[in-house]
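Enquirer: Attaching a single structure in structure tokens format; questions to follow.
Read the figures in this text as sums done on the coordinates, not as results from a lab. Since the structure is predicted, the reported quantities are computational estimates derived from the model, not experimental observations. Backbone-built Cβ (ideal geometry, glycine too); neighbour counts: all protein chains shown.
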Amino acid sequence: MSQDYKILHSYSVGSTNDLAEATLSREAVDEFTVFFADYQTNGKGIGHNIWESNMGENLLISIVLHPVFLSPADQFMINKIVSLGVCKCLDKYITGQRITIKWPNDVWVGFGKIAGILSRNLIMGNRFETCIVGIGLNINQQNFSPEIPNPVSMYQIAHRAFDRNEVLKQLIDDVKHFYSLLKKNLIDTINQYYLERLLFYNTSATFIADDQEFTGIIKGVDEFGLLLVEVEENVRRYNIKDISLKVH
């Protein structure tokens, strides 16, 4: 594995994204500096969701990127390559189950959520300066709060414990792989990999929007990160706030 990254470990933080942002406000931070914590007192998911993780059992990290080569309009590409990196990492440890990306920011094994991604972007004018990519990956946690919907961990799937540091280094390496494709402007290649991993791609699924339940077919994700859903032969675009996927 390549070693051109830096891991900064903390015992307990509010959130690794907050720590990374605070550090960036004080000093320059090299690309692929990774803030890694054993515990978060204020772990967050998308919107008002929280991220639950027991002390020292999972990966709670934030990776600092400086994608100055990328247009701000294409910022969802970061979400794509990080999601693909998480999937590629999990491929090395989990067999016999499908690993997919649930739009917009989760990675699932079967119908269980094993990882979540939350990014913060710093854009100056037309320049994409910095992206802080927060990743929560369930590794060794065996029990979750009943309020958390469909969580799963690597331990629960494989019935064994994993070395968090080993998984972390593998994950960084796999994210770096897809980031290098992005730097080379291999957008079509990344998009093809992404569609191959996208949960319910080209498959009939049930959605809820405007308090109405309906059936549609996921046709992809546009360049702005909006979900493309075909309903009665018309393709509609949805933001995460406007639609939810109903998983039986």
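Enquirer: Determine the gain in length on full extension of the stretch Thr206-Ala22; use 0.36 nm per residue of separation and subtract their C-alpha separation, reporting nm with one decimal. Before the final figure, lay out the partial values.
Expert: Details: separation 184, 0.36 × 184 = 66.24 nm, distance 4.06 nm.
Between Thr206 and Ala22, full extension yields 62.2 nm more.
Enquirer: Can I ask one more? How big is the dipole moment of the chain about its Cα centre under a simple scheme where the beta carbon of each Lys and Arg is +1, that of each Asp and Glu is -1, and everything else is neutral? Debye, nearest 20, please.
Expert: Using only the charged Cβ atoms, the result is roughly 380 debye.
Enquirer: Identify all lysines with a Cα-Cα distance to Lys113 below 16 Å; exclude those on the same chain that are fewer than 8 residues away in sequence.
Expert: Lys44, Lys88, Lys102, Lys246
Enquirer: Then there is this: Mean Kyte-Doolittle hydropathy of 0.5 or higher plus an axial Cα length of 18 Å or more: which whole DSSP H helices in the chain meet both?
Expert: Long hydrophobic helices here: 76-91.
Enquirer: Express in whole angstrom the spacing between the alpha-carbon centres of segment 143-172 and segment 124-141.
Expert: If you average the Cα positions of each part, the centres end up 19 Å apart.
Enquirer: In nm, give the distance between the simple-model label positions of Lys6 and Val68, each being 7 Å from the Cα along the Cα-to-Cβ direction.
Expert: Result: 1.7 nm between the two label points.
Enquirer: Considering the dipole of segment 6-197 built from charges on the beta carbon (Lys and Arg +1, Asp and Glu -1) around the Cα centre, which of Ala22, Ile99, Gln40 is farthest to its positive end?
Expert: Ile99
Enquirer: To continue, here is another question. Under a cut-off of 13 Å between alpha-carbon atoms, report the aspartates and glutamates in cross-link reach of Lys169, not counting same-chain residues fewer than 8 places apart.
Expert: Partners within reach: Asp4.
Enquirer: Once you've got the GNM for the chain with C-alpha springs shorter than 10 Å, pick whichever of Lys113, Lys88, Lys184 has the biggest mean-square fluctuation.
Expert: Lys184
Enquirer: In nm, to one decimal, how far is the modelled label at His177 from the one at Phe76, with both set 7 Å along Cα→Cβ?
Expert: In this crude label model, His177 to Phe76 measures out at 2.5 nm.
Enquirer: Same structure, new question: Where is the GNM fluctuation largest for the chain (alpha-carbon springs, 10 angstrom cutoff): Glu52, Glu213, Glu27?
Expert: Glu27
Enquirer: Shape verdict for segment 53-95, please, from the Cα gyration tensor: rounded (a/c under 1.5), prolate (a/b greater than b/c) or oblate.
Expert: Judged from the Cα gyration tensor, segment 53-95 comes out oblate (a/c at least 1.5, b/c at or above a/b).
Enquirer: Given springs between every Cα pair under 10 Å in a Gaussian network model of the chain, which of Gly116, Gly56, Gly125 has the largest fluctuation?
Expert: Answer for the Gaussian network model of the chain: Gly125.
Enquirer: Can you list the chymotrypsin sites (Phe, Trp or Tyr not before Pro) in segment 25-129 that are in a DSSP coil and have 16 or fewer other beta carbons within 10 angstrom? Before the final figure, lay out each step's value.
Expert: Details: sites: Phe32, Phe35, Phe36, Tyr39, Trp51, Phe69, Phe76, Tyr93, Trp108, Phe111, Phe128; in loops: Phe32, Trp51, Phe69, Tyr93, Phe111.
Sites meeting the loop and neighbour criteria: Phe69, Tyr93, Phe111.
Enquirer: Per the Cauchy relation, a quarter of the hull surface: what is the mean projected area of the convex hull of the alpha carbons in the chain, in nm²?
Expert: Orientation-averaged projected area of the Cα hull: 13.8 nm².
Enquirer: A follow-up question, please. Assuming R0 = 35 Å, what is the FRET efficiency of Asp222 and Asn143, from their Cβ-Cβ distance, to the nearest 0.05?
Expert: On the way: r = 39 Å, r/R0 = 1.10.
So, using R0 = 35 Å, E works out to roughly 0.35.
Enquirer: Could you grab the Rg to Rh ratio for segment 204-246? Cα atoms only, Kirkwood for Rh.
Expert: Radius of gyration over Kirkwood radius for segment 204-246 works out to 0.92.
Enquirer: To the nearest 500 deg cm²/dmol, what mean residue ellipticity at 222 nm is calculated for the chain from DSSP H runs of n ≥ 4 alone, each contributing -39,500 (n - 2.57), summed and divided by the residues?
Expert: -8000 deg cm²/dmol
Enquirer: If a/c stays under 1.5 just call it rounded; otherwise compare a/b with b/c (prolate if a/b is bigger, oblate if not). Do that for segment 5-135, with a ≥ b ≥ c from the square roots of the Cα gyration tensor eigenvalues.
Expert: oblate
Enquirer: Could you tell me what percent of the DSSP beta bridges with both partners in the chain are antiparallel, to the nearest 5? Walk me through the numbers before you get to the answer.
Expert: On the way: 49 of 59 bridges.
In the chain, approximately 85 percent of DSSP beta bridges are antiparallel ones.
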